[in-house]
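Data first, discussion second: the structure below is written as structure tokens.
Every number here is computed from the coordinates shown, using simple stated rules; none is lab data. This structure is a prediction, so every number in the text was calculated from the model and none was measured. We place every Cβ from the backbone using ideal geometry, glycine too, and count neighbours over all the protein chains shown.
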Amino acid sequence: MQSIFASDILGGFECSTHINYLGKRVDVISATKHDVFAEQDYRRLLDIGIRTARDGVRWHLIEQKPYEYDFSSVLNQVRAARKTGIQIIWDLFHYGFPEDLDLLSAEFVERFNAFTKAFVKLLVQEGEQNFFFCPLNEISFYSWIAGDVAGFYPFLRGRGDDIKRNLVRAAIAASQAIRDIRPEARLINTDPAIHITSENKTPFETEAAETHRQGQFHAMDMLCGRREPELGGKPEYLDIIGLNYYTDNQWRYETGHRVFREHPEYRSFHSILQEYFTRYNRPILIAETGVENEVRPDWFRFICEELKTAKNAGVPVEGVCLYPIVNHPGWDDDRHCHNGLWDYADEFGNREIYEPLATAIKKEITLRNEKKKTVAIRPLLAKAFGA
């Protein structure tokens, strides 16, 4: 069966544009100079054997007046992608939006729909042939951090479910807009894959932990119409499931204490993937995964082993995206996060590579390519020898 993506190891350019709790607009694409050096960044990926990337558009820069679009902030990325031939999954909403918009309003849905149409039409005009989109990144996480704990703009509390519903409405409208223009387009809907257990094992805490754990499915259930169908969800809107998984995606209710790999109650990642596939029967992309500092290669190898186990059990994992692929400043404190394959760019666009992670990636790509060759040649051998 042909893979969905050009390569099953992907690189993701961090593209968050939210307003943080300090009231500062984050713009990671600008901070990493990826908008300036997009072509060099894409060629670096291709040189190491990665042919698919996640990248983002910055809505707040493109639509500074309602329904007026200036795509100059993303044109270099669009044209660099076409020039290099790399396959891009475009994030349309990575936490940020124009400040004149009310996140809970019907206008938010209408404006996001119109913005999506305008960007898809731009890609068509620029000669794009492959159309992959993540309409809204991490609906569940954003609803919680912006609507329940006031961590992101608009800094609300007790409104997480309302935000989630409106983001689902926006995702549905955008998905339909994309398919109206390009019916063959693929949609990746992302959210964190998590696991929550109780600290004290009382019946109340155990039930509460499970209730919170089940919350990770609500947005996707809404998108496909099995939950709150009045929002307009349909199965076709849940096309490819994108799961974001990091070292701290398992914790205790309600202390928040993290459960790490060494803990006896750590749930295997491959079993989490199996649960998602059993629930939705859709292909899966590990849309984000990574860690900081010297454990980067070990974490990458761990994730790859878990994916092999899942695939051997019949789970259609289509790829894993290293996220981020370049180091970036911290959202809140501008600290130098060493979590990518490449570091900050110099004035000429050169980036120092982190060799231990590069070695692990190259080895994994070689193993996967050898396996694909073996799988491809088996039918030929069978035919030649009359098997």
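Taking residue 117, is it buried (at least 16 other Cβ atoms within 10 Å of the Cβ), of a type outside the set (A, V, I, L, M) and at negative phi?
yes
With the checklist (1) within 29 Å of residue 150 (Cβ to Cβ); (2) of a type outside the set (Phe, Trp, Tyr); (3) touching an Asp or Glu at 6+ places or on another chain (Cβ under 6 Å) in hand, flag the one item residue 88 doesn't pass.
(1)
Is the stretch 178-185 home to any residue that is in a loop (DSSP other than H, G, I, E, B), among the charged types (D, E, K, R) and in contact (Cβ under 8 Å) with a residue 12 or more places away in the chain?
There is at least one residue in the stretch 178-185 that is in a loop (DSSP other than H, G, I, E, B), among the charged types (D, E, K, R) and in contact (Cβ under 8 Å) with a residue 12 or more places away in the chain.
Inside the stretch 199-310, counting only helices (runs of 4 or more DSSP H) that do not spill past its ends, which hold 3 or more residues that are surrounded by fewer than 17 Cβ atoms within 10 Å (Cβ to Cβ) and touching a strand residue (DSSP E or B) at 6+ places or on another chain (Cβ under 7 Å)?
203-214
Is it the case, given these coordinates, that residue 95 is more than 23 Å from residue 127 (Cβ to Cβ), assigned to a loop (DSSP other than H, G, I, E, B), hydroxyl-bearing (Ser, Thr, Tyr) and in contact with a Gly (Cβ under 7 Å, 6 or more places away or on another chain)? I'd like the intermediate steps shown before the answer.
Working: more than 23 Å from residue 127 (Cβ to Cβ): yes; assigned to a loop (DSSP other than H, G, I, E, B): yes; hydroxyl-bearing (Ser, Thr, Tyr): yes; in contact with a Gly (Cβ under 7 Å, 6 or more places away or on another chain): no.
So residue 95 does not fit the description; no.
Taking the stretch 24-53 as the search range and keeping residues that are aliphatic (A, V, I, L, M) and not in a helix (DSSP H, G or I), which one is surrounded by the most Cβ atoms within 10 Å (Cβ to Cβ)?
Step by step, filter the stretch 24-53, then rank; the result is 53.
Restricting to the stretch 327-339, and then to whatever is without any contact (Cβ under 8 Å) to a residue 60 or more places away in the chain and buried (at least 16 other Cβ atoms within 10 Å of the Cβ), can you tell me which residue is farthest from residue 30 (Cα to Cα)?
Once the filter is applied, the top-ranked residue is 339.
Hey, can you tell me all the residues within the stretch 126-151 that are surrounded by fewer than 23 Cβ atoms within 10 Å (Cβ to Cβ) and touching a Phe, Trp or Tyr at 6+ places or on another chain (Cβ under 6 Å)?
145, 151, listed by residue number.
Kindly indicate whether residue 101 is of a type outside the set (D, E, K, R), surrounded by 17 or more Cβ atoms within 10 Å (Cβ to Cβ), assigned to a loop (DSSP other than H, G, I, E, B) and touching a Phe, Trp or Tyr at 6+ places or on another chain (Cβ under 9 Å).
Considered against the rule, which asks whether it is of a type outside the set (D, E, K, R), surrounded by 17 or more Cβ atoms within 10 Å (Cβ to Cβ), assigned to a loop (DSSP other than H, G, I, E, B) and touching a Phe, Trp or Tyr at 6+ places or on another chain (Cβ under 9 Å), residue 101 comes out as yes.
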